[in-house]
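The values are calculated or read from the model by the stated rules, or taken from the named source; none is laboratory data. Source: prediction; values computed, not measured. Backbone-built Cβ (ideal geometry, glycine too); neighbour counts: all protein chains shown.
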Amino acid sequence: MPLYEHVFLARQDLSQAQVDALAATATEIVEQGNGKVVKTETWGLRSLAYKIQKNRKAHFVLLDIDAPAGVVAELERQTAINEDVIRFMTVRVDAHEAGPSVMMRKNDRERTRRREREGE
């Protein structure tokens with residue numbers, strides 16, 4: 001089956017539990033179509049480069065998906081309908097990244113640097 005990365009941005013005023021529920025809903029859609037979500041990463045509340053629908057920040061979520069194209073089309077359709085999702089993008093990839101994504105590694109580096117500065 002083809003491999004995909006699906007990233008969506010949820011409104012800033014949602015709680016983390018609501019964002020997790022959105023990710024769970026996306027996982028259910030994929031699994032109903034005989035696909036599977038290999039990995040789910042929540043990148044947290046991050047600032048946007050520009051306002052999107054009056055939002056300056058958004059919750060970022062990444063899903064690594066192994067599913068047929070029809071399932072991904074249904075996932076995109078359902079995501080587009082959802083008012084809590086302000087942007088989404090799905091990209092077909094040759095292989096999923098092993099371990100944490102680049103965004104998660106970046107967050108770890110930033111935390112380490114902050115700790116080092118505070119310790120000095």
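If the requirement is being over 23 Å from ALA95 (Cα atoms) and among the acidic types (Asp, Glu), which of these qualifies: ASP64, ASP20? Lay out the reasoning, then the answer.
Values: ASP64 fails: over 23 Å from ALA95 (Cα atoms).
Going through ASP64, ASP20 in turn, just one is over 23 Å from ALA95 (Cα atoms) and among the acidic types (Asp, Glu): ASP20.
Given the conditions (1) closer than 23 Å to PRO2 by Cα; (2) part of a helix (DSSP H, G or I), which single one is not true for GLU97?
Here GLU97 meets the rest and fails (2).
Tally the residues that are among the acidic types (Asp, Glu) and either loosely packed, with under 13 Cβ neighbours inside 10 Å or more than 21 Å from LEU48 (Cβ to Cβ) (or both), restricting the search to the range 1-34. Even if it seems obvious, please write down each step before you answer.
First pass over the range 1-34, keeping only residues among the acidic types (Asp, Glu): 5, 13, 20, 28, 31.
Narrowing further to those that are either loosely packed, with under 13 Cβ neighbours inside 10 Å or more than 21 Å from LEU48 (Cβ to Cβ) (or both): 13, 28, 31.
Residues that pass the stated criteria total 3.
The conditions are (1) more than 13 Å from the chain's Cα centre (by Cα); (2) closer than 21 Å to MET104 by Cα; (3) touching a residue at least 24 places away in the same chain (Cβ under 8 Å), and LYS36 fails exactly one of them. Which is it?
LYS36 satisfies all of (1) more than 13 Å from the chain's Cα centre (by Cα); (2) closer than 21 Å to MET104 by Cα; (3) touching a residue at least 24 places away in the same chain (Cβ under 8 Å) except (2).
Write out, first by first residue and then by second, each pair whose Cβ atoms fall under 8 Å of each other, whose residues are 6+ apart or on separate chains, and whose first residue, in the range 86-107, is in contact (Cβ under 8 Å) with a residue 40 or more places away in the chain while the second is assigned to a loop (DSSP other than H, G, I, E, B).
What qualifies is ILE86/GLN53; ARG92/PRO2.
For the range 46-62, check the following and say yes or no: at least one residue is closer than 27 Å to MET1 by Cβ and either in contact with an Asp or Glu (Cβ under 6 Å, 6 or more places away or on another chain) or without any contact (Cβ under 8 Å) to a residue 12 or more places away in the chain (or both). Talk me through it step by step, then tell me what you get.
Just the residues of the range 46-62 that are closer than 27 Å to MET1 by Cβ, to begin with: 60-62.
Checking which are either in contact with an Asp or Glu (Cβ under 6 Å, 6 or more places away or on another chain) or without any contact (Cβ under 8 Å) to a residue 12 or more places away in the chain (or both) leaves us with 62.
The answer is yes, given that some residue of the range 46-62 is closer than 27 Å to MET1 by Cβ and either in contact with an Asp or Glu (Cβ under 6 Å, 6 or more places away or on another chain) or without any contact (Cβ under 8 Å) to a residue 12 or more places away in the chain (or both).
So which of THR42, THR79 ends up being touching a helix residue (DSSP H, G or I) at 6+ places or on another chain (Cβ under 8 Å), surrounded by 15 or more Cβ atoms within 10 Å (Cβ to Cβ) and under 19 Å from MET103 (Cα atoms)?
Working: THR79 fails: under 19 Å from MET103 (Cα atoms).
Only one candidate qualifies: THR42.
When you go through ARG113, ARG105, ARG77, ARG46 one by one, which is the residue that is modelled with pLDDT under 90 and out of contact with any Gly (no Cβ under 9 Å at 6 or more places or on another chain)?
Numbers: ARG105 fails: out of contact with any Gly (no Cβ under 9 Å at 6 or more places or on another chain); ARG77 fails: modelled with pLDDT under 90; ARG46 fails: modelled with pLDDT under 90.
Among ARG113, ARG105, ARG77, ARG46, only ARG113 is modelled with pLDDT under 90 and out of contact with any Gly (no Cβ under 9 Å at 6 or more places or on another chain).
Given VAL61, VAL72, VAL38, which one is under 16 Å from ASP20 (Cβ atoms) and at pLDDT 90 or above? Reasoning before the result, please.
Values: VAL72 fails: under 16 Å from ASP20 (Cβ atoms); VAL38 fails: under 16 Å from ASP20 (Cβ atoms).
Criteria check complete, one pass: VAL61.
Answer yes or no: is there a residue in the range 55-73 that is aromatic (Phe, Trp, Tyr) and touching a Gly at 6+ places or on another chain (Cβ under 9 Å). First the steps, then the outcome.
Within the range 55-73, the first condition is being aromatic (Phe, Trp, Tyr), and the residues that meet it are 60.
Filter again for touching a Gly at 6+ places or on another chain (Cβ under 9 Å), leaving 60.
Yes, some residue in the range 55-73 is aromatic (Phe, Trp, Tyr) and touching a Gly at 6+ places or on another chain (Cβ under 9 Å).
So which residues in the range 8-21 are closer than 18 Å to SER101 by Cβ and hydrophobic (A, V, I, L, M, F, W, C), if there are any at all? Give the derivation first.
If we filter the range 8-21 for residues that are closer than 18 Å to SER101 by Cβ, which is where we start, we get 8-10, 19-20.
Across the range 8-21, the qualifying residues are PHE8, LEU9, ALA10, VAL19.
Of all residues in the range 16-75, count the ones that are in contact with a Ser or Thr (Cβ under 9 Å, 6 or more places away or on another chain), part of a helix (DSSP H, G or I) and acidic (Asp, Glu).
Adding up the residues that qualify gives 1.
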